[in-house]
Amino acid sequence: MKQADVLILGAGCAGTSLAHYLENLGCGERVVLLDSRTKFDREQRWCSWAKMPKSLAPLVSKSWQKWTVGDENYSIARTSDKFVYQQIYAPKFFEHFHTRWQKPDTLIELNLDEKVERIEEKSNYVEVTTSRETWRANLVFDARHQGSANLKNLEKSNNAYLHQTFLGWKVMFPRAVFDAETAALMDFRTAQNDGVNFIYVLPYSDREALVESTSFSQNPTNWGNHLSAVTKYIAENFGDDYDIIAEESGELPMTTAKLPTKSSERIYSIGIAGGNARPSSGYAFHRIQRQTSEIARAIVERRTIQSSFASNKYNFLDAVFLESVARNPNSAREFFMRMFANVEPDSLIRFLLDESSYRDDLAVIGALPKMRFGAASLQRLRREFSARKGKNEELQTSHGTLCDSVGEPFHRLAARRVGR
Ligand SMILES: Cc1cc2nc3c(=O)[nH]c(=O)nc-3n(C[C@H](O)[C@H](O)[C@H](O)COP(=O)(O)OP(=O)(O)OC[C@H]3O[C@@H](n4cnc5c(N)ncnc54)[C@H](O)[C@@H]3O)c2cc1C
């Protein structure tokens, strides 16, 4: 049996970030990071407005000071002196940390090609069985969202749930067609097949950009719709004399279901498995950095680790938003357009980063259509009230456990072939 003080399951964004913060703080514990994968070159780009910690700043591959949101009628362009929209290219992030940790005598031990099969909490340690070893660990951080127990037990009841899916091509044109300084966050000039659909354009130069079709829908995706949306959008806006350099696709949950960090005294969930995807946007990078850096500090300073990083304020507002979108997809488009048009960029970004003041919140709420937002809020309050009442009654009659209800199983991230 092998020993670890801190055992991290999953060396994706959250697992690697936690190991990195522990290393940075000079953690004296034996930290072991495992992953079933051997390759970390899957196309993935993480964008965020969050200020990058010094240690991650050199990994930013591109940033944009200007962004737009638009539809057939008008386009809103915004900038900020305080915030920039920045991108980290995931394969570079993994290469940067993993190459070092695969060498001997580093603070972090990285083991790839090691699949976690079972986790069992014993009286004063956790036993983790993998395809290679049995580990005995003091603390376990589980970042596996594909098939994790946390996500397997998700229940849809009382939780808003939408599938966010996206498929994009990194394309190269032989001539200048893009404005390299402006990211198009949402362009609604695309077919509204099912739910809310928009195109996202991240230009890297005047010839090269990622053009991605995204949808928020109650139904699992139709990848064919994404392919035709991307093809059509590029042809109509830039031409068709381009090469496809790479393809990125993914599926993220948009749910207000609770995914708590703490599962037991010694087992914690991190990353998406620990509820770090912002329900109304699917953005998870900034929450993952916040959660894993705070956990690392708590471990090094021997403090209690927070049992949840969820915020009731954002959960409530996001639930109202998701329910409005589920009922009337067109309202999402209007909500986003109004927010970007009418809210000061800094206030809106603080709101999107979970860092808003009440003044910022009021500015965001004030920009939304009052009748519809008010009605959706009341409906959400009624649902929460009846869910709570139901739970209390259940407790009184059956002494059922007060476990958090959580959403539906994760869909496998679709890896798709590059080419036309
Ligand atoms: C294509 C794409 C683009 C995204 N873009 C953005 C963005 O721009 N901004 C943003 O904020 N968020 C973005 N996200 C969302 C989010 O930031 C990422 O999904 C992020 O990778 C989540 O980190 P994680 O550690 O929770 O999960 P992952 O990075 O998926 O890590 C989980 C790890 O667990 C491993 N694992 C699974 N099962 C086992 C097992 N049994 N044994 C051992 N290991 C196992 C997996 O191999 C994987 O490495 C994007 C997501 C995708 C898919």
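The values are calculated or read from the model by the stated rules, or taken from the named source; none is laboratory data. Bear in mind that the values here come from a model prediction, so they are computed numbers and not experimental data. Cβ placement follows ideal geometry from the backbone for every residue including glycine, while neighbour counts extend to all protein chains displayed.
Here are the numbers for the structure shown:
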item: Filter result for the condition that a residue is at pLDDT below 95 and within 14 Å of the ligand (Cβ to nearest atom), over G147, G195; result: G147
item: Top-ranked residue of the range 16-48 - restricted to ones that are farther than 26 Å from S131 by Cβ and of a type in the set (S, T, Y), ranked as nearest to the ligand (Cβ to nearest atom); result: S48
item: Residues satisfying the stated conditions in the range 170-219, i.e. within 22 Å of Y283 (Cβ to Cβ) and among the small types (G, A, S); result: A183, A184, G195, A209, S213, S215, S217
item: Members of the range 101-118 that are in a strand (DSSP E or B) and within 24 Å of V300 (Cβ to Cβ); result: I108, E109, L110, N111
item: Qualifying residue in the range 317-328 (condition: in contact (Cβ under 8 Å) with a residue 60 or more places away in the chain, within 16 Å of the ligand (Cβ to nearest atom), assigned to a helix (DSSP H, G or I) and surrounded by fewer than 21 Cβ atoms within 10 Å (Cβ to Cβ)); result: yes
item: Test result for R290, of a type in the set (K, R) and in contact with a helix residue (DSSP H, G or I) (Cβ under 9 Å, 6 or more places away or on another chain); result: no
item: Meets criteria (within 16 Å of the ligand (Cβ to nearest atom) and either among the β-branched types (V, I, T) or not assigned by TED's automatic domain parsing to the domain that holds N276 (or both)) for T79; result: no
item: Test set (1) assigned to a helix (DSSP H, G or I); (2) under 30 Å from W169 (Cβ atoms) - E72 fails condition number; result: (1)
item: The range 352-361, subset within 25 Å of the chain's Cα centre (by Cα) and assigned to a helix (DSSP H, G or I), residue surrounded by the most Cβ atoms within 10 Å (Cβ to Cβ); result: L352
item: Answer from N225, N159, N197 - the residue that is assigned to a loop (DSSP other than H, G, I, E, B) and crowded, with 18+ Cβ neighbours inside 10 Å; result: N159
item: Qualifying residue in the range 274-286 (condition: surrounded by fewer than 22 Cβ atoms within 10 Å (Cβ to Cβ), assigned by TED's automatic domain parsing to the domain that holds N124 and touching a Pro at 6+ places or on another chain (Cβ under 9 Å)); result: yes
item: Qualifying residue in the range 263-273 (condition: assigned by TED's automatic domain parsing to the domain that holds E23, within 24 Å of S217 (Cα to Cα) and assigned to a loop (DSSP other than H, G, I, E, B)); result: no
item: Filter result for the condition that a residue is touching a Leu at 6+ places or on another chain (Cβ under 8 Å), in a strand (DSSP E or B) and either modelled with pLDDT of 95 or more or of a type in the set (F, W, Y) (or both), over L7, L22; result: L7
item: Of residues in the range 228-252 being of a type in the set (D, E) and assigned to a strand (DSSP E or B), the one nearest to the ligand (Cβ to nearest atom); result: E248
item: Any hit, the range 256-278, residues being away from the ligand (no atom under 14 Å from the Cβ), out of contact with any strand residue (DSSP E or B) (no Cβ under 7 Å at 6 or more places or on another chain) and farther than 19 Å from E121 by Cα; result: yes
